[in-house]
1. Assuming 0.36 nm per residue, please report the length gained on full extension of the stretch T14 to S56 beyond their Cα-Cα distance.
2. For E48 and M25 in the same chain, what is the full-extension length gain: residue separation times 0.36 nm, less their Cα-Cα distance, in nm?
3. Per the Cauchy relation, a quarter of the hull surface: what is the mean projected area of the convex hull of the alpha carbons in the chain, in nm²?
Amino acid sequence: MCLICIEYQKQKMTIREAWSAYGEMAAGMEPKHADEVREMLKEAEAKEKEEQQKNSNP
Ligand SMILES: [Zn+2]
C-alpha cells in the first residue's frame, strides 16, 4: 500500500491525478508495488473508457 492506493481507493484521486502521482513516486516505490499500481491504473483507465463509450453510444 502506498499513498496512491489509499487515495485512489477512497476515490479522492482521479485516474489522471493518480498517474501524475505515480510518475513522481514510482522511482521511490518498491519495484514490485510500482508494477501493481501501474496495472491497477491501467485497468481503471480501461474501465473508465468503456463507461464513456457506453454513455456516448446509447
Ligand atoms: Zn500502493
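All of the numbers you see were taken from the coordinates with simple rules; none came from a lab. Please read all numbers here as calculations on a predicted model, not as lab measurements.
1. That pair, T14 and S56, stretches by 13.1 nm at full extension.
2. Gain in length upon complete extension: 6.0 nm.
3. On the way: hull surface 15.8 nm².
Approximately 4.0 nm², given one-decimal rounding.
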